[in-house]
Amino acid sequence: MTSRTSLEPTTSSTGRTWLIFAGIILIAINLRAAITSVGPLIGIIREDTGISSTMAGMLTTLPLLAFALLSPMAPAMAKKWGLETTLLLSMVVLTFGIGIRSISSPVTLLLGTAFLGVAIAVGNVLLPSLVKRDFPRHIGLMTGTYSASMNLLAATASGVSIPLATQAGLGWQGSLLIWASLSVLALIVWLIQRSSSDKTAEVRSTATKQQSVLRSPLAWYITLFMGLQSFTFYVNISWLPEILRSQGMDYSAAGWMLSILQFVSLPFSFIIPVLAGRNPNQRVLVTISALSMLTGYVGLLSGMSSLNLLWVMLVGISGGANFSLSLMFFTLRTKTAHEAAALSGMAQSLGYLLAAIGPMLIGFLHDATDGWKVPLMVLSAVVVVLFFFGFGAAKPGYTSASGESTPKMEKP
């Protein structure tokens, strides 16, 4: 009889199913808020702590580097300790990281940021695997729900950071610390879940070692699609307000445009996975999403500033669609929860390396050309490449991680 791994499906009661659902949503809302809450507070943090602009930039870059370094390790951690235990530990580390980051010291700022980056990396990788294990018949709905929840809290955290720090009188420390309440809530739910989980799910696999997902061409399509959509997201978050300001928009209006970009992505973060899960081929969705983003960037490049709201909304819609599609590929293109975790780890590791490079590269191009035309042209070219890899990832088939026969992959 084949032994069961910690990532294989387990029989669960209705109560446990709802508990897992709540746990998934609570982890999802913790995966971005602790990061997006920092950006609006950077100026206040610099004034209070005296850190340099370079060190301030590390508050955003460090989590991305942690994602890149830790993502490949998360599947092995889950295989060793079980999904429930690993996710529980990630919430402990996240709470600790948020706590020490809120101490008014340059050292604790960076140390806490590194810890929370490690914790979020684990959640990023393992949530798709958990969905595949426990909700195999509702992958699209579950992926859409947790993706939309993640993006909603990310946008909310960006919007309320300054009011919490100033109008509510919490200061930047309290404004950052308040997000620990979400991680503590998630921690409590996963403590309950861990104590009620099926112990047979913790048995380690004795099966032969699986072929590396790195050998799968389909896995590389998915990885590069994931990486390039992350590249555009973090470039948008970093530079969109400055691009709009160069076209005559004031600070306040440019900031609202960034919020709009994030909020318009929410319904598409939910709808796209549901649609993707109903069809084995997602090429139409990839095509529409790429055309939307390309139109948005070309519109910004055209200088038609009277239509900037439209251009920003098109980029935001596409961003939500691309992100949720990348999450869906982790589950749709794998046969087991363990494969989903391995593919997720590979794609997010390399993907967030690209994401970390994006803001720096676009900033360098802006400085070198003293304008935003070349950066926007480069972003438009990135969308074309994103479409190429997305078209390849959207074709029905499976990665070869299991060593089983896989439908021959056509060139996109």
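Once you have the Cα-Cα distance between Ile288 and Ala253, take 0.36 nm times their residue separation minus that, and quote the gain in nm to one decimal.
9.8 nm
Diagonalise the Cα gyration tensor of the range 16-195 and give the resulting equivalent ellipsoid semi-axes, square root of 5 times each eigenvalue, largest first, whole Å.
29, 17, 14
Quick one: how many lysine pairs does the chain have with C-alpha atoms less than 19 Å apart and a gap of 8 or more or different chains? Give me the count, please.
14
If I take all pairs of Cα atoms in the range 215-394, what percentage of them are more than 23 Å from each other?
On the way: 6167 of 16110 pairs.
Value for the range 215-394: 38 percent of Cα pairs lie more than 23 Å apart.
Counting only protein heavy atoms, what percent of the accessible surface of the range 296-401 is carbon or sulfur at a 1.4 Å probe?
With neighbouring chains kept in place, the figure for the range 296-401 is 77 percent.
If each DSSP helix of 4+ residues adds -39,500 (n - 2.57) and the sum is divided by the residues in the chain, what number results at 222 nm, nearest 500 deg cm²/dmol? Don't jump to the answer; show the numbers that get you there.
Details: 16 runs with 307 residues, N = 412.
Helices in the chain give a 222 nm mean residue ellipticity of -25500 deg cm²/dmol.
In nm, what is the difference between 0.36 nm times the number of residues separating Arg215 and Arg137 and their Cα-Cα distance? It would help to have the intermediate numbers written out before the result.
Working: separation 78, 0.36 × 78 = 28.08 nm, distance 2.81 nm.
Full extension from Arg215 to Arg137 adds 25.3 nm.
For semi-axes √(5λ) of the Cα gyration tensor in Å, which listed value, [x] 33, 27, 18; [y] 30, 28, 21; [z] 36, 24, 18, comes from the coordinates shown?
Derived directly from the coordinates: [x].
Can you give the accessible area per residue of the chain, in Å², using a 1.4 Å probe?
41 Å²
Leaving ligands and nucleic acids out of the surface, order Trp18, Trp172 by accessible area at 1.4 Å, largest first.
Largest to smallest exposure gives the sequence Trp18, Trp172.
Treating only the Cβ of Lys, Arg, Asp and Glu as charged (+1, +1, -1, -1), what charge dipole size does the chain show about its Cα centre? Round to the nearest 20 debye. Intermediate results must be reported in sequence, preceding the final value.
Values: 24 positive and 14 negative charges, 255 e Å.
So the magnitude is around 1220 debye.
Give me the distance in nm between label points sitting 7 Å out from Cα along the Cα-to-Cβ direction at Leu309 and Phe364, one decimal.
3.8 nm
In terms of solvent-accessible area of protein heavy atoms at a 1.4 angstrom probe, what is the ranking of Asp370, Asp134, Asp250, highest value first?
Details: Asp370 135, Asp134 25, Asp250 90 Å².
Descending accessible area places them as Asp370, Asp250, Asp134.
Using the Karplus curve 6.51 cos²θ - 1.76 cosθ + 1.60 with θ = phi - 60°, work out ³J(HN,Hα) for each residue of the range 320-325 in order, rounded to whole Hz, and write x for Gly and Pro.
3J(HN,Hα) across the range 320-325, in whole Hz: x, 5, 5, 5, 5, 5.
Can you compute the modelled spin-label distance between Thr49 and Val107, with each label point 7 Å from Cα toward Cβ, in nm?
1.3 nm
Which residue, chosen from Val384, Gln348, Gly277, occupies the Cα position most advanced towards the positive end of the dipole of the range 215-394, where the dipole is computed from +1 (Lys, Arg) and -1 (Asp, Glu) charges on Cβ about the Cα centre?
Of the options given, the answer is Gly277.
Over the chain, what is the relative contact order in whole percent, taking alpha-carbon pairs under 8 Å and six or more residues apart? Before the final figure, lay out each step's value.
Numbers: 707 pairs, mean separation 104.4, N = 412.
About 25 percent, as a whole number.
The values are calculated or read from the model by the stated rules, or taken from the named source; none is laboratory data. These numbers come from a predicted model, not from an experiment. Ideal geometry is used to build each Cβ from the backbone, glycine not excepted, and the neighbour counts take in all protein chains shown. Surface accessibility is based on the protein's heavy atoms, side chains included, excluding ligands, DNA and RNA. Shrake-Rupley method; radii C 1.70, N 1.55, O 1.52, S 1.80 Å.
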